[in-house]
Amino acid sequence: MSHFPTTLPPAEAIPLRGGPVLRWGVLAPGRIAGGFVWALHQHTDQRVHAVASRAPERAQRFAATYGIARVHESYEQLVADPQVDIVYVASPHSEHKRQALLAIAAGKHVLVEKPLALDAGEARDIARAARAAGVFAMEALWSRFLPQTVLIERLLREGVLGDIRLVTADFGGRFDFNPEGRIFNPALGGGALLDIGIYPIWLAHFVFGPPAHVHATGSLAPTGVDGQAALILSYATGAQALLHTTLFAETPQEAVIAGTHARLQLDSRFFTPGGFTLKAAGSDQRLRWTDPSGIHGSEGLAYQAAAVARHIAEGLTESPMHPLERSIALLETIDSARGQLGASSRAS
């Protein structure tokens, strides 16, 4: 077909080195924070200067593992540290708002692990505080900053896929049931939608924007959090997104963006660095793109750190790639889905 490209343009990846360097502080040093710090130190010029935990010995071990110079005895001490430019919040979802507001009140820029907060109301509180303080704030939705996403954005903008009619995406994993752990505990913001379901929902928002209607069905875990959910997002154009997430089984973790001219199929674990296949509608023409960087898995967290440093150096207080209103809209969709399921993310 004449509108199908003969080659794919190179991905305009965010430069990982050579740009402005921030001094980072980490709140709540767990597994997620460890992956972030490792990726940041391995692939960028950014450096973590300080860490704080409610358990001092945990912060000491984390600092020794990742070569971090300063260990603070409290979150308040870390956000007051003049050697820290930006705070990375990696705590359970239930603590995101409190710790983000703590950093903002101290005049620090802040990067908050996804989801930005427990619900859209809390996310609005964070956005309001950051805007009033004039500091940078962003949700760490790292998939938005990966090279494949930058390239897909270009293909969508240039109309290569035609009129987009459907997005499908799923992310399911099997988690051992622990009612006290982060995944299943409502007091910690547990549940599939906030933890892993946000990735399929983000992809639909990335392609279409916020939906006109949300329809959700699913089942709850024994603790009352959403354990499995299927969503249909409907749009005024007639387009739809069919999304799925579960804590009970490992799924293919694939995604498709289907348009009138072509279909783009992302590889398994579509939310990590990888590749995709672009296939022309009504023919066997296809093009293959694979991330040439050699960066895999959670190493891709490096891209968002580099992007944040560049945004701040440019004097921005929000990311034009993933602004706070996008994070709020994501949580509005999740709020609707969780409400329809009767799920809880708080202690009663």
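Model label sites at residue 260 and residue 219, defined 7 Å from Cα along the beta-carbon direction, differ in position by 4.1 nm. Kindly list the residues of the stretch 199-236 that lie in the label zone of residue 242, defined by a backbone N under 14 Å from the point 7 Å along the Cα-to-C-beta vector. In the stretch 199-236, the label zone of residue 242 (backbone N under 14 Å from the point 7 Å along Cα→Cβ) covers 230-234. Charge tally around residue 44: other residues with Cβ under 15 Å, Lys/Arg +1 each, Asp/Glu -1 each, net +1. In this simple spin-label model, placing a label point 7 Å from the Cα along the Cα-to-Cβ direction at both residue 325 and residue 269 gives a separation of 3.5 nm.
Apply 1/(1 + (r/R0)^6) to the Cβ-Cβ distance of residue 73 and residue 290, taking R0 = 35 Å, and write down the FRET efficiency to the nearest 0.05.
On the way: r = 46 Å, r/R0 = 1.31.
After rounding to 0.05, the efficiency reads 0.15.
Ratio of the stretch 167-316's C-alpha Rg to 2.2 N^0.38 Å, to two decimals? Ratio of Cα Rg to 2.2 N^0.38 Å: 1.18.
A viscosity of 1.306 mPa s and a temperature of 10 °C, combined with the Kirkwood radius over C-alpha pairs in the Stokes-Einstein formula, give the stretch 77-210 a diffusion coefficient of 95 µm²/s. Helical content of the chain, expressed as a calculated mean residue ellipticity at 222 nm, amounts to -9500 deg cm²/dmol (DSSP H runs of 4 or more residues, -39,500 (n - 2.57) each, divided by residue number, nearest 500). The residues neighbouring residue 318, those whose beta-carbon lies less than 15 Å from its own, together hold a net charge of +3 under the Lys/Arg +1, Asp/Glu -1 convention. Spin-label model, residue 12 to residue 154: label points 7 Å out along the Cα-to-beta-carbon direction sit 0.7 nm apart. In a reduced charge model with +1 at each Lys and Arg Cβ and -1 at each Asp and Glu Cβ, the chain shows a dipole moment near 260 debye about its Cα centre.
When the accessible area of the chain is split by element with a 1.4 Å probe, what percent falls to carbon and sulfur?
Details: 6990 of 13700 Å².
Its accessible area is 51 percent carbon and sulfur atoms.
Taking the square roots of five times each eigenvalue of the Cα gyration tensor of the stretch 1-95, the equivalent ellipsoid has semi-axes of 35, 15, 12 Å, listed largest first. For the stretch 302-332, backbone nitrogen atoms closer than 13 Å to the point 7 Å from residue 42 Cα along Cα-to-C-beta are found at 302-303.
Where only protein heavy atoms count, and the probe is 1.4 Å, what is the accessible area per residue for the stretch 145-224 in Å²?
Working: 2960 Å² over 80 residues.
Heavy-atom accessible area per residue stands at 37 Å².
Peptides 16-22, 107-113, ordered by how many other C-beta atoms sit within 10 Å of their residues on average, highest first, read 107-113, 16-22. Helix 301-313 and the long axis of the chain differ in direction by around 70°, with both axes built from C-alpha atoms.
When each of the peptides 62-69, 237-244 is scored by the mean number of other C-beta atoms lying within 10 Å of its residues, the order from highest to lowest reads 237-244, 62-69. Both radii were evaluated on the Cα set of the stretch 39-147; the Rg over Rh quotient, with Rh as the Kirkwood radius, amounts to 0.96. Peptide packing: for 294-306, 88-100, the average count of neighbouring Cβ atoms within 10 Å per residue gives the ranking 88-100, 294-306, highest mean first. The residue list 168, 68, 87 was ranked by how far each Cα lies along the charge dipole of the chain toward its positive end, using unit charges on Cβ atoms, and 68 comes out on top. With contacts taken as Cα pairs under 8 Å at a separation of at least 6 residues, the stretch 1-153 carries a relative contact order of 22 percent. All C-alpha pair distances within the chain, sorted into 20 Å bins from zero, spread as 30, 59, 10, 0 percent across the bins.
Please report how far the C-alpha centroid of the stretch 150-182 lies from that of the stretch 183-214, rounded to the nearest whole angstrom. Value for the Cα centre distance between the two parts: 10 Å. Principal-axis analysis of the Cα atoms of the chain puts helix 147-157 at an angle of about 50° to the longest axis.
With only Cα atoms counted, the stretch 222-268 has Rg and Dmax values of 13.9, 45 Å. Taking the C-alpha atoms only, the angle from helix 324-341 to the longest principal axis of the chain is near 80 degrees.
The values are calculated or read from the model by the stated rules, or taken from the named source; none is laboratory data. Keep in mind it's a predicted model, so treat the numbers as computed, not measured. With ideal geometry, Cβ positions are generated from the backbone for all residues, glycine too; neighbour counts draw on all protein chains shown. In case anyone asks, the SASA skips ligands and DNA or RNA and just uses the protein heavy atoms, side chains included. Shrake-Rupley method; radii C 1.70, N 1.55, O 1.52, S 1.80 Å.
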